[in-house]
Amino acid sequence: MTRLPPQRGERIDRRRPVDFTFDGQRVEALEGDTVGSALYAVGQRTFSRSFKYHRRRGLLCCAGQCPNCLVQVDGAPGVRACTEPVREGMHVEHMNASPSLDFDAMRATDLVGGPFTPPGFYYKTFIRPRRLWPLYEKVLRRAAGLGRVAKSRREREWRTEYRRRHADVLVVGGGAAGLAAAAAAAELGADVVLADEGPAPGGRLLAEGGQDHAREAAEHARRAGAELLSNAPALGAFDGLVPVWQGDTLHQVRAKRHVYTTGVIEQPLLFPGNDLPGVMLSGGARRLVSLYAVKPGTRAIVATVCDRGLDAALALIGAGVEVACVADLRADAASPAAQALVRRGVELRRAATVLEARGRGHVQGAVLGARGGDGHERVMACDLLVVSGGGAPATSLLCQAGARTAYDAERGVFALASLPGGVYAAGEVAGHGELHAAELSGAVAGAEAAHSLGLGDADSRARAVAGSERLSRGPVGPSGVAVPPPVAGDRGARCFACLCEDVTAKDIHLSVEEGYDSIELSKRYTTTTMGPCQGRMCQLPAIRLMAAETGQSLEQVGTTTARPPWQAVPMGVLAGRPFEPAKRSSIHGRHRELGANVMWAGDWRRPYDYGDPRGEALAVHDAAGLIDVSTLGKLIVRGPDAGEFLDRLYPNRLSNLRPGRIRYGVITSDAGRIIDDGTICRLDDESFYVTTTSSGAGAVYEWFSWWLADWPLRVHLTDVTQGLAAVNLAGPRAREIMAKVSAVDCSSEAFAYLDGKQADVAGARSLILRIGFVGEVGYEIHFPAAHGEHVWDALLEAGADYGLRPFGLEPQRLLRLQKMHILVGQDTDSESTPYGAAMPWIVKLDKDQAFIGRWALERAAEEPPETALVGFTLPDGRVPKEGAAVLPESGDGQVGQVTSARHSPQLGQVIGMAWVPAGLARDGAEVTISDDGKRLRARVVTKPFFDPEGEVLRS
Amino acid sequence: MSYVLTCPNCGPREVTDFSFGGEVNPRPTTRPDKRELGAYNYFRRNVAGVQREWWFHRSGCGAWFLAERDTRTNQVLLTELP
Ligand code: FES
Ligand SMILES: [Zn+2]
């Protein structure tokens, strides 16, 4: 490993080596290195293979702005080597090349080249013949995309947290201007967050000798109270919400004011061979030297349009790189940097640029000449070609926030033209490139943001006004920029306008010829600007090319719409924590021990069965069964007006329910449609215990509390769903089992059907409801959830001698079907009324209250429903699918559907429920069911299949 | 879509903390005729402008409250308990 002598402000710690692997080879790095700097230091020059042609690509920007260094880190694809810090033991692999970076079979697409993959090639070629598409698709899938997402779960299991951060001012960008803005706003008392993508605040200062200044400015902002986030790129601007990605946290920053100090993005130059490894942006070369003490080359040529390139040339000389020649496109740059170069004897060619880069696999030389080429060309050897096409304002986030840009002919870029309210721009993005101007513009923007929030005083306002006056007088932007030609040099070799998507200048020419002559169309057709760089490297070049091809001005061509995400971001970060909240009853552990097959039921994890659904169902009829029904919604409705309240919510009467008695109830909407159902037990004069379906618990609570918010009733609602467990003990032996765990008298005289009693069960204070959802004598026992396992165990133990078995959801569904009890949402839908659902008896139109649904139900009572819910039996033994169609007696179409169907071992036949035409809702009628195209004749039944008169239930 | 609502009990929270209860749609006080009932059950004004509406603080205090919101900008002008 070769490193330069210590550089001021270098980020590496030379005493702390770090080892990692690249494609299986061990690489020695230093703490503070990035994967990119470490690999470059050991001589790696090819970092990736390009998307389409699989050409070699090397470090270009060293700032996370281009697509050239994408690698796979520990299985995660699309990581930028140049910004990814090294970690001991990390596994880095190349992407998009097989078998290896140095020998890539797909390179053939580049060598065959030319006419083989023009824009639109895939759309045009792989469409015919149609029948070959499955084959094409396989091949294309392999060729498409970059990297590979790991299949196994572990590597993909991201844990990202959301953090909601409300602030007065958000500053995006942590360079000189951003730090000044944060400090100024915070000093005036604003709550400030600053999001910066770099590993430490300071921006360009860090790589350009200003690290001490950067540290002081950051310290100053911190002391003023600003929260500085590093390694934290802003991803977009959405209606005032700015997501900021920082490692495993996604900050959702919502600020009252926004200051953007996003700086500029150094632009490449377009010339044949511009994508060869060894062609590097001036900023990239400087970062390698000053942050990582890595020498980017031995002999360099510099081509620039502004002072950035000249400054870089000086920095390279300082690092011991031989600078063979500097080509400055400007004819008359007499900056101090130019003078310094001349003093050092560097050949400085004015009004010249690079016309072509040459080399196989890496830059070996460059052709220099006048703009457009006037004959005085010179070929020079080099192993590093440093380019700078000037800085393009990074306005994307600003545009997403509502700012507008316009073409600035003098600088050759699209610059800010207007800002929306509450949004400020400062620093280089706003044209204040020189350090003092950048800081002043930041301080003014920060102060103005705070002032607009009512902070500050007359003094601070006066200072801000003076500051902005000084800014408007001072020089704007870097001193002198030459606008580069769309393409320099017109030779055979390829000139890449878009590195991400491998789009050449010629491709843009072709797409214009084909009629894609607007920038938005060309973007979609050639996919320029749609790759990982999000237009940072290619938007401006593409606009210049388009202007040249169509003869329009750049202003006329315009820019493409800026869209999020501004920064490539793993989907996992946006998705947040893989979070599927599973609810489990307090008895759940026991179900597992008993070998339950667990299923999702809404948010709940519940036993589907314990391995023998038929046997479990039969046990309920033959002996006894026990099911965990803790998932039921449970509400306590209490207060002097509780009865009145329930009378208004249910179509039947509840205020006249005697304490200790239970009634079934259906909740309907004001349109008379069934919302939910459950039981209501009156505990005392002022209290009712209401159960709801498991899935309806939340909605019913919302529904009750919504009406309560509107009605002036003295009622209080308490949701005890989570606090109480519940089990249902049912079967002919249930009574005997109860006697063993409770002192309560369970004789049918003392504890009749639809009685509710409070008593101890296995020592736990319980509410026991005698109801019979499954058709046998049953006790639904509600008790504190903390005693869940204890009561469950006690009941199973007490029932052991009586043949008691636990049963799951599937046998329960069969048992309730035998009793023709509806499942809301399964047998009913959002259109079902109690009349259609064969429950006219539940609606009491003679009540006084204008209960919810009354008016609609009054009408429904007059106009008989078109369809009705009935039971059916099927003699031929086939169980139709739920949702199977009920067919009309003649003609086509569907007149109803099956909602539930099971084979009942108890009854020895197939039973079910279905919506059928109301005229057929009578015992013995025949209907036709179509199940997967097979026609079945079913016989309608209107009374429960099992124990139709309820004698068993009441016994 | 993303904005902040101020729960009268809890203070400003992301909209995703709340359930939307629809625009305020007063229930008839006397028995409506068929047309009125249909309008009450199935028709909403759905204004492009300031709308009075119900919100429920689902991931919070569990209160229903009223808000006035500009449906074009999602600017919430006011929230209050009923
Ligand atoms: S070199 Fe890494 S993103 Fe440009
Ligand atoms: Zn609240």
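The values are calculated or read from the model by the stated rules, or taken from the named source; none is laboratory data. Quantities reported herein were computed from a predicted structural model and do not represent experimental measurements. Cβ sites come from the backbone with ideal geometry, for glycine too, and all protein chains shown count toward neighbours. Accessible surface is based on the protein model in full, side chains and every heavy atom, while ligands, DNA and RNA are left aside. Shrake-Rupley method; radii C 1.70, N 1.55, O 1.52, S 1.80 Å.
Can you confirm whether A:R254 is among the basic types (K, R) and away from ligand 1 (no atom under 16 Å from the Cβ)?
yes
Quick check on the stretch A:245-258: of everything there that is more than 14 Å from every other protein chain (Cβ to nearest Cβ) and either in contact with an Asp or Glu (Cβ under 8 Å, 6 or more places away or on another chain) or under 17 Å from A:G198 (Cα atoms) (or both), which residue is surrounded by the fewest Cβ atoms within 10 Å (Cβ to Cβ)?
Only one residue tops the list, namely A:G247.
I'd like the full set of residues that are open to solvent by less than 10 Å² (accessible area, probe 1.4 Å) and more than 29 Å from A:D892 (Cβ to Cβ), limited to the stretch A:902-952.
A:S904, A:G950
Looking only at residues that are open to solvent by 40 Å² or more (accessible area, probe 1.4 Å) and within 13 Å of another protein chain (Cβ to nearest Cβ) in the stretch A:704-718, which one is nearest to B:P26 (Cα to Cα)?
A:D710
Checking A:L270 against (1) open to solvent by less than 20 Å² (accessible area, probe 1.4 Å); (2) in a loop (DSSP other than H, G, I, E, B); (3) within 30 Å of A:V423 (Cβ to Cβ), which single condition isn't satisfied?
(3)
Is at least one residue of the stretch A:273-295 β-branched (V, I, T), closer than 30 Å to A:T504 by Cα and surrounded by 24 or more Cβ atoms within 10 Å (Cβ to Cβ)?
Looking for residues that are β-branched (V, I, T), closer than 30 Å to A:T504 by Cα and surrounded by 24 or more Cβ atoms within 10 Å (Cβ to Cβ), one finds at least one in the stretch A:273-295, hence yes.
Would it be correct to say that A:S687 is of a type in the set (S, T, N, Q) and open to solvent by 10 Å² or more (accessible area, probe 1.4 Å)?
So A:S687 fails the test.
So which residues in the stretch B:1-23 are more than 15 Å from ligand 2 (Cβ to nearest atom) and open to solvent by less than 50 Å² (accessible area, probe 1.4 Å), if there are any at all?
Within the stretch B:1-23, B:S2, B:Y3, B:G22, B:E23 qualify.
Would you mind finding the one in A:S890, A:S904, A:S900 that is polar (S, T, N, Q) and more than 48 Å from the chain's Cα centre (by Cα)?
Result: A:S890 is the single residue among A:S890, A:S904, A:S900 that is polar (S, T, N, Q) and more than 48 Å from the chain's Cα centre (by Cα).
Mind telling me which of the residues A:G825, A:G853, A:G803, A:G799 ends up being away from chain B (no Cβ under 14 Å) and closer than 20 Å to A:S669 by Cβ?
A:G825
Considering only residues that are surrounded by fewer than 17 Cβ atoms within 10 Å (Cβ to Cβ) and more than 10 Å from chain A (Cβ to nearest Cβ), which ones fall in the stretch B:54-72?
B:S59, B:G60, B:C61, B:E68, B:D70, B:T71, B:R72
For the list (1) touching a residue at least 24 places away in the same chain (Cβ under 8 Å); (2) away from ligand 1 (no atom under 16 Å from the Cβ); (3) open to solvent by less than 30 Å² (accessible area, probe 1.4 Å), I need the number of the one condition that A:C500 fails.
(2)
Just to check your reading of the model, which residue among A:G456, A:G489, A:G446, A:G531 is within 18 Å of A:A190 (Cα to Cα), touching a residue at least 40 places away in the same chain (Cβ under 8 Å) and assigned to a loop (DSSP other than H, G, I, E, B)?
Answer to the selection: A:G456.
Report, by residue number, each residue of the stretch A:298-344 that is farther than 24 Å from A:V363 by Cα and open to solvent by 50 Å² or more (accessible area, probe 1.4 Å).
A:A331, A:D332, A:A334, A:P336, A:Q339, A:V342, A:R343, A:R344
Name the single residue, out of those in the stretch B:73-82 being within 16 Å of ligand 2 (Cβ to nearest atom) and free of Cβ contacts under 8 Å to residues at least 60 places away in the same chain, that is most open to solvent (accessible area, probe 1.4 Å).
Across the stretch B:73-82, the extreme among qualifying residues is B:P82.
I'd like to verify a number: residues in the stretch A:204-217 that are among the aliphatic types (A, V, I, L, M) and in contact with a Ser or Thr (Cβ under 9 Å, 6 or more places away or on another chain), how many?
Residues that pass the stated criteria total 2.
Return the pair list, or none, for Cβ contacts closer than 6 Å from residues in the stretch A:47-65 that are outside the structural domain of A:E208 (by TED's automatic domain parsing) and at positive phi to residues that are within 8 Å of ligand 1 (Cβ to nearest atom) and in a loop (DSSP other than H, G, I, E, B), at least 6 apart or on different chains.
These pairs meet every condition: A:C62/A:C82; A:G64/A:T83.
Please verify whether the stretch A:9-19 includes one or more residues that are away from ligand 2 (no atom under 16 Å from the Cβ) and under 32 Å from the mean Cα position of the chain (by Cα).
For the stretch A:9-19, residues away from ligand 2 (no atom under 16 Å from the Cβ) and under 32 Å from the mean Cα position of the chain (by Cα): absent.
Assuming A:H787 fulfils every condition listed in (1) under 16 Å from A:S630 (Cβ atoms); (2) open to solvent by less than 20 Å² (accessible area, probe 1.4 Å); (3) not in a strand (DSSP E or B) apart from one, which condition is it?
The one condition A:H787 does not meet is (2).
If we scan the stretch A:560-581, do we find a residue that is among the β-branched types (V, I, T), buried (at least 16 other Cβ atoms within 10 Å of the Cβ) and modelled with pLDDT of 90 or more?
no
How do the pairs read when you match residues in the stretch A:1-24 that are open to solvent by 70 Å² or more (accessible area, probe 1.4 Å) with residues anywhere that are of a type in the set (V, I, T), using Cβ under 6 Å and keeping only pairs 6 or more apart or on different chains?
Cβ pairs passing all conditions: A:M1/A:V42.
Of the conditions (1) part of a loop (DSSP other than H, G, I, E, B); (2) within 29 Å of A:I627 (Cα to Cα), A:R816 satisfies every one except a single condition; which number is it?
Failing condition for A:R816: (1).
For the stretch A:174-219, enumerate the residues that are of a type outside the set (A, V, I, L, M), under 32 Å from the mean Cα position of the chain (by Cα) and open to solvent by 10 Å² or more (accessible area, probe 1.4 Å).
Selection gives A:G175, A:D191, A:D196, A:E197, A:G198, A:P199, A:P201, A:G203, A:R204.
When you go through A:T691, A:T721 one by one, which is the residue that is within 14 Å of chain B (Cβ to nearest Cβ) and under 26 Å from A:D829 (Cβ atoms)?
A:T721
So, in the stretch B:24-53, how many residues would count as being open to solvent by 50 Å² or more (accessible area, probe 1.4 Å), away from chain A (no Cβ under 11 Å) and in a loop (DSSP other than H, G, I, E, B)?
The qualifying residues number 5.
Give the number of residues within the stretch A:411-429 that are open to solvent by 40 Å² or more (accessible area, probe 1.4 Å) and without any contact (Cβ under 8 Å) to a residue 24 or more places away in the chain.
5
crowded, with 20+ Cβ neighbours inside 10 Å and either assigned to a strand (DSSP E or B) or not charged (D, E, K, R) (or both): does that describe A:A438?
So A:A438 fits the description; yes.
Would you confirm whether any residue within the stretch A:49-56 is away from ligand 1 (no atom under 13 Å from the Cβ), assigned to a strand (DSSP E or B), of a type outside the set (S, T, N, Q) and at pLDDT below 95?
Yes: one or more hits.
Would you check which residues across the stretch A:405-423 are in contact with a His (Cβ under 7 Å, 6 or more places away or on another chain) and in a strand (DSSP E or B) and list them?
Listed by number, the list holds a single entry, A:V423.
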